[in-house]
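Take a look at the structure below.
Every read-out reported here was derived from the displayed coordinates using simple, explicitly stated rules and does not represent laboratory data. Given the structure is predicted, the values throughout are model-derived calculations rather than measurements. Cβ coordinates were reconstructed from backbone atoms using ideal geometry, including for glycine residues, and neighbour counts include every protein chain displayed.
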Amino acid sequence: MPRPTAAQLAYGSCTVLFSTLAMLLLSQTSSGLGVVVIALSALVLGLLVAITVPTPKSAARPSSAATEQPVPQRRETVAASGASEPARRA
């Protein structure tokens, strides 16, 4: 399983914090069971948000056989001169 990215951790954590706060304020619960239910539901919601955050797509690595390319042969360079034909040695 791949490690979560920083964006996934940030979005999931913010979701847990803000959804817990919102649900506690809206429900106005004071019982321990109500707080536990809200906390667990916020954790599940944060997990779902963290999972659905798009991850960066890594380039697919081709197999090593597909990447092998023949080494190009070395070509001789011709010095730039005014003549169109290379100079001959006598």
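For the range 6-52, just the Cα atoms, rotate onto the principal axes and tell me the three extents in Å, largest first.
34, 15, 12
When the label point is put 7 Å from the Cα of Ala39 along its Cα-to-beta-carbon vector, which residues of the range 14-30 have a backbone N closer than 16 Å?
16-25, 29-30
Figure the gain on full extension for Ser30 and Val78 (residue separation times 0.36 nm, minus the Cα-Cα span) and round it to one decimal in nm.
The span from Ser30 to Val78 would gain 8.4 nm if fully extended.
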